[in-house]
Amino acid sequence: MPMTTLDDVIQQGWGAHADKTAEVADSLESSIDLVADAKGAVGFMHLVNHAVGDHLGDRERALRICEAAAARIDEPGPDPMVHLAVARHLAGEVDKAREAENAAGGDEATKLRIDLLVAQGHAHAGDWNTAEGLYNEALQAAKTLAEGHGAERAAAVVSNNIASELLELAERSTEQDAFMAKAADAARVFWLRVGNWMNDMRADYLLSLVHTKLGKPAEGRLHAQRGLATIAENGEAKVDAAFLHLADAAGARDLGETDEHQEAIGKATALAAEFDDDGLTTWFEGELAKAR
């Protein structure tokens with residue numbers, strides 16, 4: 001029987017962390033000795049902060065595991081120190097977090113990366129006021145830096161994740177609606193800087209869902225159709241196209257455009273008939289129900 005590798009632990013952890021959080025946390029803690037280099041430490045610590053810190057809500061344990069992982073690397077370099085700084089901030093170890101920030105480079109882009117990830121951690125924990133305050137400061141700073149700075153990808157990813165998480169809330173305040181819209185807009189701005197056409201298209205998908213949810217179905221349809229146009233111009237992405245057609249259908253439904261609604265549903269279901277993954281089909285059926 002082959003030995004379990006760190007890659008196996010990380011891959012399986014991401015797949016199971018939402019449903020089997022405690023088991024994944026135990027697996028991570030028992031796998032610290034598998035961390036052998038900076039690359040492995042980054043993937044490991046990222047999952048630890050998310051599964052143990054965000055999902056399990058045990059920031060102290062997440063920090064303890066991250067500290068032990070970092071200690072196994074002679075020259076960890078900047079990226080593991082970023083994740084260690086995040087773990088320390090979220091566990092309330094501010095002074096030690098600053099030490100890790102300095103070890104990660106101490107430059108403005110590195111600090112922004114860390115601040116964005118800390119904001120995301122507070123969002124995952126449902127502390128939306130703290131998350132928004134940190135996010136707004138970091139986002140404003142990120143927008144003032146010239147293109148090509150090291151925090152751009154973090155700004156795109158964190159903005160996408162925060163907007164997506166707010167979108168899934170059963171109820172949102174007016175302030176949370178505004179936060180969701182801001183984050184979705186920022187995700188596309190930064191993906192246009194650092195991503196490819198797929199990122200651009202998926203940013204439009206998120207914006208379509210957000211606008212329709214906020215009672216702006218015409219804008220929702222525009223973003224869905226722009227995403228579909230991006231696919232047509234650049235390549236094939238049948239899965240994404242199916243979900244974009246559903247987003248377009250939801251907007252058409254809310255506008256009372258019955259024919260357009262049925263046409264979009266038909267295009268989506270035709271594409272989904274080619275799916276060969278049960279999980280993907282289940283996800284599609286859930287979104288289809290929302291778009292009908």
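Dividing the C-alpha radius of gyration of the chain by 2.2 N^0.38 Å, with N its residue count, gives 1.07. Going by alpha carbons, how many degrees (0 to 90, nearest 10) lie between the helix axis of 128-144 and the longest principal axis of the chain? Helix 128-144 sits at roughly 90 degrees to that axis. Taking the longest Cα principal axis of the chain as reference, the axis of helix 152-167 is set at about 60 degrees.
Taking the longest Cα principal axis of the chain as reference, the axis of helix 238-254 is set at about 60 degrees. Quick one: of LYS111/LYS182; LYS111/LYS213; LYS143/LYS290, which pairs are farther than 26 Å apart, Cα to Cα? Pairs exceeding 26 Å: LYS111/LYS213; LYS143/LYS290.
Its alpha carbons considered, the range 52-191 gives a radius of gyration followed by a Dmax of 15.0, 48 Å.
Once you have a ≥ b ≥ c as the square roots of the Cα gyration tensor eigenvalues for the range 149-284, tell me rounded if a/c is under 1.5, and otherwise prolate or oblate according to whether a/b is larger than b/c. All intermediate terms of the calculation are to be shown ahead of the outcome.
Values: a/c = 1.70, a/b = 1.23, b/c = 1.38.
Oblate shape, in that a/c is at least 1.5 and b/c is the bigger or equal ratio.
For the listed peptides 55-61, 226-232, 76-82, a ranking on the average number of other beta carbons within 10 Å per residue, highest first, reads 76-82, 226-232, 55-61. Of the residues ALA247, ALA71, LEU280, the one whose Cα sits farthest toward the positive end of the charge dipole of the chain, with +1 on the Cβ of Lys and Arg and -1 on the Cβ of Asp and Glu, is ALA247. Could you tell me whether the range 24-130 comes out rounded, prolate or oblate from its Cα gyration tensor? Rule is a ≥ b ≥ c as square roots of the eigenvalues, rounded for a/c under 1.5, then prolate if a/b exceeds b/c, otherwise oblate. Taking the square roots of the gyration eigenvalues as a ≥ b ≥ c, the range 24-130 is oblate. For a test of the definition: using alpha carbon positions, the gyration tensor, and the 1.5 limit on a/c, classify the range 174-232 as rounded, prolate or oblate. Oblate, since a/c reaches 1.5 and b/c is not below a/b.
Taken together, the values in this text are just the output of simple stated rules run on the coordinates, not laboratory data. Fair warning: this is a prediction, and the values are worked out from it, not measured in the lab. For neighbour counting, all protein chains shown are included, and Cβ atoms are generated from backbone atoms with ideal geometry for every residue, glycine included.
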